[in-house]
Amino acid sequence: VADAAPALADVIKGVAAGKKAVISGYHDATGDPAKNAELAKQRAFAARDALKAAGVAEDRIDLKKPEQINAGSAAEARRVEVKLE
C-alpha cells in the first residue's frame, strides 16, 4: 500500500536505532472467529515480510497473537499495528 511507505520508513529507522518492531494483527467480531484470527495473522505476516524485504533482521521483529476489536467500524478493526519497543 502506497500510504504505508512513510510508516515503513519510520519503523526501519526505529529498528536501526536499536528498537524492536512489534507487529499485532487485529480483526472484528463479524463472521467466523477462527477465520478472522487467521486473516489477522496473515496481515501481520505480510507486515513482517515487508519489513524483512526492506532489510530488517527477523530477530528485530516480534509478532503478537491476533486480537479482536469490538469498537469502531469493521474496516478500522481489520488492521495491523507496528509499534517500536
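The values are calculated or read from the model by the stated rules, or taken from the named source; none is laboratory data. Computed from a prediction, not measured in an experiment: that's the story for all the values here. Note that each Cβ is placed from the backbone with ideal geometry, even for glycine, and that neighbours are counted across all protein chains shown. Accessible surface areas use protein heavy atoms only, side chains included; no ligands, DNA or RNA. Shrake-Rupley method; radii C 1.70, N 1.55, O 1.52, S 1.80 Å.
Worth pointing out:
- Think of a 1.4 Å ball rolled over the protein heavy atoms: the range 31-85 then has 67 Å² of accessible area per residue.
- Accessible area of the chain belonging to carbon and sulfur atoms, whole % at 1.4 Å probe: 56 percent
- DSSP beta bridges confined to the chain are antiparallel in about 45 percent of cases.
- 222 nm mean residue ellipticity, helices alone, for the chain (DSSP H n ≥ 4; -39,500 (n - 2.57); rounded to 500): -14000 deg cm²/dmol
- Dimensionless Rg ratio for the chain, taking C-alpha atoms and the 2.2 N^0.38 Å reference: 1.11
- In degrees, nearest ten, helix 4-16 long axis to first principal axis of the chain (Cα): 50 degrees
- For the chain, the longest principal axis of the C-alpha atoms and the axis of helix 33-53 are separated by about 10°.
- For Phe45, net neighbour charge (Lys/Arg +1, Asp/Glu -1) across residues whose Cβ lies under 11 Å away: +2
- Mean separation of Cα pairs under 8 Å and 6 or more residues apart, divided by the residue count, gives the chain a relative contact order of 46 percent.
- Extension gain for the segment Lys20 to Ser73, taken as residue separation times 0.36 nm less the Cα-Cα distance, is 16.2 nm to one decimal.
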